[in-house]
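Here the structure is laid out as structure tokens; the discussion comes afterwards.
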Amino acid sequence: MEQWTKANTPEDVGISSRGLLNYLDAVAKTPEVEHHAIMVLRHGKLVATMNFAPYDNETPHMLFSLSKSFTSAAAGFAVAEGLLHWDDKVLDILSDKAPENPSEWLKAVTLSHLLMMGSGLDPKSDEVDGEDWAKAILACECIHEPGTHFHYNSHGTYLVSCMVQRVTGMTVRDYLMPRLFKPLGIPQPAWDCCPAGVNVGGWGLMLSCDSIARFGQCLLQKGMWEGKQLLPLEWYEKATVKQIDNSGGTEQPDNEWAQGYGYQFWRTRGNRFRGDGAFGQICMVSPDLDMAVAITCGTMDMGKEMQLLHEYLFPAATMEPGTPEEQQALARRLTDLQHPWPEDDGSGVDVSGVYGDGETTLTIRQEGDRLRIVQKAKDPNECSDALYGKGQPVENTVSLQLMDEEKQIHTLCAYGWNRGMLHIANRQVTAPFALKATLTPVAEGLELDMTGIAYPSEKAVLKKQPE
């Protein structure tokens, strides 16, 4: 993999070390935004890599809807190669998926409409499943004239993936390998497929923060990479500008999601644009500052995450230079970023047994200085069997059946007793999902207080059950 050219200090590319320290201070004061990895680029150089252990910038991470921006790039390549046109109708390319009597609006939906989230498709189209997604989506018809109404629709992006695969004979992932991923130094990624073998397009791509940063730097250079035009310039100029209004007709200067939408990119404050995905995955580009920022994250509040970028990180490029002492302080800080695991103060008691509240059953077993916690629930996706290390995480691997593919999910799990309360933490290192819980022994059994990223907050008393 081609290595980054690194700035000796942030000041070498006009970024204040003090500003980056201010950003990290603000991040530390915003615990509801759990950053995993952050990479900051300016003037073509890597300014800072902020890895919050146990996460890093090299491990592939779920991108969720940031995947859409890569699907858009695939469409751009197909247009540049004459295989598609922006005004190609979806029903012309996917004629075998059309309903028997399509409406005039549905017949008018083009590749451009799908990319700008202006297809007019009924929102229920985003809820279809089954064996033939494309047919089910198009059966939902349009409720708005194409090009007149913004509605964020992930299955519309899936239709883009279908169109690209139909004209190229390759999945979006395979089509992008020689055109984008390999030239950027990105290893072949995993990308979820539908039952028909089409990359889902709107989500499902796994890339590291480093790979996101490479894409961001290429975008910052208007598609240029190592002196060559890698991404099609026409696509770049269409994808990153406002193609459709998403404000609902009311100017909202402080609303991150109301600044206009391009071709699977959001316009954002400060004359920037971004691709983003659920739980905080971000690729944000600032042409005015010649900066790009890549983030993998776990948060339920992306607004706060982006506020930190706008209020602290990007302003670091307009501040006075930091002092040598601040440069050294930043260097030290970057080596010690982490999400702490529960510590153990020795106040633990044996809570082995079976506990439940009618909905969930927990079986706890002490195995030496480790705990095995087996959770059973009515929903099989909420069941788990994990080993927790005392004060230090233990790696667990579980198999999950997602659509037609079995995936190996790696989790790190640790526990610790503090003042007679059992604290547990569970993190998926390739995803934003993280769980924290406190189990307090009470007369009836255990009092549960659980929070997490993509886990429901829950407070309950789990009563001791006969074994």
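General observations
- Hits in the range 1-38 (condition: among the basic types (Lys, Arg), within 26 Å of the chain's Cα centre (by Cα) and outside any loop (DSSP other than H, G, I, E, B)): Lys6
- Residues in the range 262-272 that are over 15 Å from Ile295 (Cβ atoms) and in contact with a Ser or Thr (Cβ under 7 Å, 6 or more places away or on another chain): Gly262, Tyr263, Gln264, Phe265, Gly270.
- Unique match (being touching a Pro at 6+ places or on another chain (Cβ under 8 Å) and either under 21 Å from Tyr158 (Cβ atoms) or open to solvent by 30 Å² or more (accessible area, probe 1.4 Å) (or both)) among Trp235, Trp225: Trp225
- Qualifying residue in the range 151-169 (condition: open to solvent by 20 Å² or more (accessible area, probe 1.4 Å), outside any helix (DSSP H, G or I), aromatic (Phe, Trp, Tyr) and farther than 28 Å from Glu100 by Cβ): yes
Yes/no per residue for (1) under 30 Å from Glu11 (Cα atoms); (2) in a loop (DSSP other than H, G, I, E, B); (3) at pLDDT 95 or above:
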site	(1), (2), (3)
Met50	yes, no, yes
Tyr55	yes, yes, yes
Ser72	no, no, yes
Ala78	no, no, yes
Leu83	no, yes, yes
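- The range 290-342, residues that are among the polar types (S, T, N, Q), under 26 Å from Arg274 (Cβ atoms) and either over 25 Å from the mean Cα position of the chain (by Cα) or not in a helix (DSSP H, G or I) (or both): Thr296, Thr299, Thr318
- Checking each residue in the range 174-210 for being within 17 Å of the chain's Cα centre (by Cα) and part of a helix (DSSP H, G or I) picks out Cys209, Asp210.
- When each of Gly147, Gly120, Gly130, Gly76 is tested for being on the phi < 0 side of the Ramachandran plot and over 20 Å from the mean Cα position of the chain (by Cα), the lone residue that passes is Gly76.
For every residue, the table says whether it meets (1) more than 22 Å from Asp192 (Cα to Cα); (2) at pLDDT below 95.
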position	(1), (2)
Leu111	no, no
Leu114	no, no
Met117	no, no
Leu121	yes, no
Lys124	no, no
Asp129	no, yes
Tyr152	no, no
His155	no, no
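- If you go through the range 310-359 and keep only what is polar (S, T, N, Q) and open to solvent by less than 90 Å² (accessible area, probe 1.4 Å), you end up with Thr323, Gln327, Ser347, Ser352.
- Extreme residue, nearest to Asp276 (Cα to Cα), among residues of the range 69-81 that are touching a Leu at 6+ places or on another chain (Cβ under 9 Å) and not aliphatic (A, V, I, L, M): Ser69
- Cross-chain or 6+ apart pairs with Cβ under 6 Å, the range 373-390 first and in contact (Cβ under 8 Å) with a residue 12 or more places away in the chain and more than 22 Å from Trp417 (Cβ to Cβ), then part of a strand (DSSP E or B) and among the hydroxyl-bearing types (Ser, Thr, Tyr): Lys376/Thr361; Ala377/Thr360
The values are calculated or read from the model by the stated rules, or taken from the named source; none is laboratory data. Worth saying up front: this structure is predicted, and the values here are computed from it rather than measured. Using ideal geometry, Cβ is built from the backbone for each residue, glycine included, and neighbour counts are taken over all protein chains shown. What goes into the accessible areas is simple: the full protein's heavy atoms, side chains included, and nothing from ligands, DNA or RNA. Shrake-Rupley method; radii C 1.70, N 1.55, O 1.52, S 1.80 Å.
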